[in-house]
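Structure first, commentary second.
The values are calculated or read from the model by the stated rules, or taken from the named source; none is laboratory data. Predicted, not measured: the structure shown is a model, and the values here were computed from it. Backbone-built Cβ (ideal geometry, glycine too); neighbour counts: all protein chains shown. Quick note on the areas: whole protein, heavy atoms, side chains included, nothing else; ligands and nucleic acids left out. Shrake-Rupley method; radii C 1.70, N 1.55, O 1.52, S 1.80 Å.
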Amino acid sequence: MIKRKLTALGILLCLFSSSVVFAQADRGAGVKATGEKRLALVIGNGASQHTSPLPNPTNDATDMATTLKTLGFEVIEGTNQTKLQMENLIRQFGNRLRDSKGVGLVFYAGHGIQADGANYLIPVDADIKEEDIIVGMSVTNSLGMKLMGVPAGTFQMGSIEGDDDEKIHTVTLSRGFYMGRTEVTQGEWKAVMGSLPSAMSALGQEFLGDKKPVVLVSWEEVQEFIRKLNAKGEGTYRLPTEAEWEYAARAGTTGDHAGNLDSMAWYNKNSGNKMHEVATKQANGWGLYDMHGNVWEWVQDWYGDYSSSAQINPTGATSGSDRVTRGGGWSSYAVYARSAVRYESPPSYQNGHLGFRVVRN
């Protein structure tokens, strides 16, 4: 697990500039002379509501704003900003900077999170724990498999427009997780297992390729892949639960699909009746590709009826004869590539339209 440490940050970012801009957090600053419009965003967050307050950020921000004004900057400033207030200031700054085509500078002082080489600026009303996962975070293992951060949250699972087994109900996932950016590819399968599944030898060349999803793998064979992947000691991998899969597929949306299906999915209307390389369509809002279409995907759960009551971290039926598959494939109609659609197959089942993706705790 990659640690995300809550820290006090003083951050300066040169955003859009055709000249050199440099400033220091010790309230001294130097700027190359230029006739361009100068615009600065200055934020100081000290009065955090869910973690220890910081005494200096508001004073630092005020002093920096004063210094930048003497240097000819127009300053947009705020102290002790909530998430909504910060979003409004950043939007205002971005719009004005784009319109002015000038020099832009951002100063931030306060709590922040550094994760995977990126800095995240924390509003005073954020309640972020050390191990929380934020949209946009990612991890990449030694095989080059990239997994995207999926945050904890609550959503409406199922669909009132769908089949009888899609009963809509409230689901809360109390912890975030990392989900495969794409379906597991043939190249990744070979890197772990040594060779492609024997059943794939019957496929034509148009279905083969290291960047295409591995298919004709049973749920049982997937478990062996995961066992060997975990043996590498780079985290604990598994199949997503059905609830995790739908939550990640929706990425905060509530409709049948997480966006324009033609832009996001290979399905019967545009696939040319064949499987395609992963990540060649548009990702959803959380950076996940091919959640709709291309190939169906195994999930962990036994197939069973949904509960009508609210659920926290559901894991499906306790037993059964079939496992759940999700997402639709390259030959599916749009109605079968919906976020909520569910099918079931025996754990030993293999199909040229069926693959999988992994999650990591």
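Pairs under 8 Å by beta carbon, first residue in contact (Cβ under 8 Å) with a residue 24 or more places away in the chain and farther than 14 Å from Val192 by Cβ in the stretch 213-230, partner open to solvent by 10 Å² or more (accessible area, probe 1.4 Å) and acidic (Asp, Glu), six or more apart or different chains? No pair meets every condition.
Residues that are part of a loop (DSSP other than H, G, I, E, B), within 25 Å of Asn361 (Cα to Cα) and not β-branched (Val, Ile, Thr) within the stretch 217-269 comprise Ser218, Ala231, Lys232, Gly233, Glu234, Gly235, Leu239, Pro240, Ala251, Gly252, Ala258, listed in sequence order.
Could you tell me which residue of the stretch 317-344 is most open to solvent (accessible area, probe 1.4 Å), considering only residues that are in a strand (DSSP E or B) and within 23 Å of His257 (Cα to Cα)?
The initial filter retains those residues of the stretch 317-344 that are in a strand (DSSP E or B), namely 317, 323-326, 342-344.
Of the ones still in play, those that are also within 23 Å of His257 (Cα to Cα) are 323-326, 342-344.
Numbers: Arg323: 25, Val324: 0, Thr325: 7, Arg326: 0, Arg342: 9, Tyr343: 92, Glu344: 76 Å².
Ranking the qualifying residues of the stretch 317-344, first place goes to Tyr343.
For Phe22, state whether it is modelled with pLDDT under 90 and over 14 Å from Ala109 (Cβ atoms). Spelling it out, Phe22 is indeed modelled with pLDDT under 90 and over 14 Å from Ala109 (Cβ atoms). The condition (being farther than 19 Å from Ser339 by Cβ, touching a strand residue (DSSP E or B) at 6+ places or on another chain (Cβ under 8 Å) and surrounded by fewer than 20 Cβ atoms within 10 Å (Cβ to Cβ)) is satisfied by just one residue among Thr236, Thr254: Thr236. Number of residues in the stretch 308-326 that are over 21 Å from Val215 (Cα atoms) and β-branched (Val, Ile, Thr) equals 3.
Among the residues of the stretch 147-157, which ones are closer than 21 Å to Val341 by Cα and either at pLDDT below 95 or open to solvent by less than 30 Å² (accessible area, probe 1.4 Å) (or both)? Step through it out loud before you land on a result.
Step one: of the stretch 147-157, the residues closer than 21 Å to Val341 by Cα are 150, 153-157.
Matches in the stretch 147-157: Val150, Gly153, Phe155, Met157.
Of all residues in the stretch 185-204, those that are part of a helix (DSSP H, G or I) and either of a type in the set (Phe, Trp, Tyr) or closer than 24 Å to His292 by Cα (or both) total 5. Across the stretch 132-184, which residue is farthest from the chain's Cα centre (by Cα) among those that are among the hydroxyl-bearing types (Ser, Thr, Tyr) and in a strand (DSSP E or B)? Residue satisfying both the conditions and the ranking: Thr170.
One line per residue, one yes/no per condition, for (1) acidic (Asp, Glu); (2) at pLDDT 75 or above; (3) surrounded by 19 or more Cβ atoms within 10 Å (Cβ to Cβ):
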{"position": "Leu105", "(1), (2), (3)": "no, yes, yes"}
{"position": "Asp116", "(1), (2), (3)": "yes, no, no"}
{"position": "Leu121", "(1), (2), (3)": "no, yes, yes"}
{"position": "Ile134", "(1), (2), (3)": "no, no, no"}
{"position": "Met145", "(1), (2), (3)": "no, yes, yes"}
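Scanning the stretch 348-361 for residues that are surrounded by fewer than 18 Cβ atoms within 10 Å (Cβ to Cβ) and within 19 Å of Glu244 (Cβ to Cβ) turns up just one, Asn361.
Take the residues in the stretch 298-327 that are of a type in the set (Asp, Glu) and in contact with a helix residue (DSSP H, G or I) (Cβ under 7 Å, 6 or more places away or on another chain), then tell me which one is farthest from Thr185 (Cα to Cα). Break it down stepwise before answering.
Applying the first criterion (of a type in the set (Asp, Glu)) to the stretch 298-327 yields 301, 305, 322.
Subsequent filtering for residues that are in contact with a helix residue (DSSP H, G or I) (Cβ under 7 Å, 6 or more places away or on another chain) retains 301, 305.
On the way: Asp301: 22, Asp305: 31 Å.
Once the filter is applied, the top-ranked residue is Asp305.
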